[in-house]
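Notes follow once the structure below has been shown.
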Amino acid sequence: MNGIPTLVVEYYSMRIGIVCYPTFGGSGVLATELGKALAQKGHQVHFITYQQPVRLNGYIPNIFYHEVQVPTYPLFDYPPYETALASTMVDVIKNNSLQLLHVHYAIPHASAAYMAKKILEGEGIHIPVITTLHGTDITLVGRDKTYAPVVAFSINQSDAITAVSQNLRDETFKFFKIEKNIEVIHNFVDVERFNRKPIDAFKKVIAPEGERILIHASNFRKIKRVEDVVKIFYSVRRKMPAKLLFVGDGPERATAEQLCRELKVCDDVRFVGKQEQMEDILAIADLFLLTSEYESFGLAALEAMAAGMPVISTNAGGLPEIMVQGVVGYMGNVGDVETMSEYAVDILKDEERLQGFKNAAAAHAHTFDIKNIIPLYEKLYEDVLIGQLVH
Ligand code: GMT
């Protein structure tokens, strides 16, 4: 056309490497769901992790899994995971002709990716790196001075950077000297998957008398303030028959259990541990509680909304970006258990009112539906690949 040469980029079916934590944490869940969705759209996705990611279950064509082996040696008090990861990245990128590497959670994935990129550069292979910042890699762990210089350097060396909320983007610029743009791509949820009918038999086991079911799911770290969950439940429980489900596990579980004993609510609280089938659990519950001191986004709350559940949360971090006050639930200040309890009772006290909140939460989750967000990542990949060609 007009004699202008057209750039032809093979981005319609890309070969993508994804690096993440394979555990139950939000960043690993998000990265895994992203990889699965990309594979379903015809891209070839290679996961590089030290363990099969929890949400990577069942056979999906186009998905490949490469385990990072970390050999031990008596000399190593600390086996060098980052070195093993960088070497695995090099191997997988070369042997599968990957076109780009997308790492989730900066530490140590972004610096390992930088190392792999430099090694490959020496062999004439150019691999663009995209780093997605998830939260504590910036706001907590990343700020520790033992990590901060490497975190800042490796973020700056990435070809593209994304953050899961505007708040996290702002926090990153506030704390680190970042010389590049950070694109906000919000987390997503597959609303179809979470739109489940409750399994009646399961609901009966948890709430035999039709009690309201409250739920909290997290890694029980200090930042989640799980004792506030127990306190809110205690207040609700004084106003109406109710049960509380704790999903997940972590260091503050014992604190939560102890508080349940002190408040004498143990008979109405169940700790069900780490669960893979979140959609079935969420389907039976009435209200999700997220009392965190900070959440960059709060993926667990979004999944709850997608399952048709209102949310009571704090207004910390990126939570105001996904919550709509008085519509999908309510936000309160961090630690303001009294106000959050009043909100919870207000939502739960009346069947019709509860149903209204449930419908609104389910409808709002569509804003963050996987179908709307995946194209943003694809567009970013395309832009990065085109950028590589142009340079
Ligand atoms: O919440 C955690 O401690 C886990 C952490 C993670 O990286 O797995 O979650 C962070 O990333 C999620 C996915 O992007 C966000 O939804 C969480 O809000 C964020 N957690 C924090 O910022 C504390």
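The values are calculated or read from the model by the stated rules, or taken from the named source; none is laboratory data. Please read all numbers here as calculations on a predicted model, not as lab measurements. Every residue, glycine as well, gets a Cβ built from its backbone with ideal geometry; the counts of neighbours run over all protein chains shown. Accessible surface areas use protein heavy atoms only, side chains included; no ligands, DNA or RNA. Shrake-Rupley method; radii C 1.70, N 1.55, O 1.52, S 1.80 Å.
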**Request:** Using amide H atoms built 1.01 Å from N in the peptide plane, name the residues 5+ places from HIS46, or on other chains, whose amide H lies under 5 Å from its own.
**Result:** ILE16, GLY17, ILE18, PHE64
**Item:** Hz values of 3J(HN,Hα) by residue in segment 323-335 - Karplus curve (6.51, -1.76, 1.60), Gly and Pro given as x
**Value:** 8, 10, 4, x, 10, 9, x, 9, 10, x, 5, 4, x
**Sparsely packed GluC sites (Glu not before Pro) within segment 207-238, loop by DSSP, other Cβ within 10 Å at most 13** = GLU209
**Request:** In nm, give the distance between the simple-model label positions of LYS197 and TYR50, each being 7 Å from the Cα along the Cα-to-Cβ direction.
**Result:** 4.4
**Request:** Pull up all non-local amide H partners of TYR21: gap of 5 or more, or a different chain, and H-to-H distance under 5 Å with H placed in the peptide plane.
**Result:** GLY28
**Asked** Net charge near THR314, counting Lys/Arg +1 and Asp/Glu -1 over other residues with Cβ under 11 Å of its Cβ?
**Response** -2
**Prompt:** When the Karplus curve 6.51 cos²θ - 1.76 cosθ + 1.60 is applied with θ = phi - 60°, which whole-Hz ³J(HN,Hα) does each residue of segment 170-185 get, with x for Gly and Pro?
**Reply:** 4, 4, 5, 5, 5, 8, 10, 8, 9, 9, 10, 6, 10, 8, 8, 10
**Message:** Quick one: 3J(HN,Hα) in Hz for segment 57-68, Karplus 6.51/-1.76/1.60 with θ = phi - 60°, rounded, Gly and Pro as x.
**Reply:** 10, x, 8, 10, x, 6, 10, 10, 10, 10, 7, 8
**Asked** Counting only heavy atoms of protein chains, what accessible area per residue, in Å², does segment 191-368 have with a probe of 1.4 Å?
**Response** 42
**Complete:** Length gained, GLU351-LYS174, 0.36 nm per residue minus C-alpha separation, equals 59.3 nm
**Cα-based reach from LYS204 at 18 Å (exclusive), listing lysines while leaving out same-chain residues under 8 positions away** = LYS243
**Asked** By average Cβ neighbour count within 10 Å, what is the ranking of 262-273, 299-310, 277-288 from highest down?
**Response** 299-310, 277-288, 262-273
**Fill in**
Reduced to Cα centres, the span from segment 362-391 to segment 113-139 in Å works out to 19
**Asked** What is the set of long-range amide H partners of LYS243 at a cut-off below 5 Å, with H atoms built 1.01 Å from backbone N?
**Response** ARG212, ILE213, LEU214
**Message:** Taking 8 Å as the Cα distance limit and 6 or more residues as the minimum spacing, I'd like the relative contact order of the chain as a percentage.
**Reply:** 14
**Asked** Between ASN156 and GLN275, what length comes free when the chain is fully extended (0.36 nm per residue of separation minus the Cα-Cα distance, one decimal in nm)?
**Response** 39.2 nm
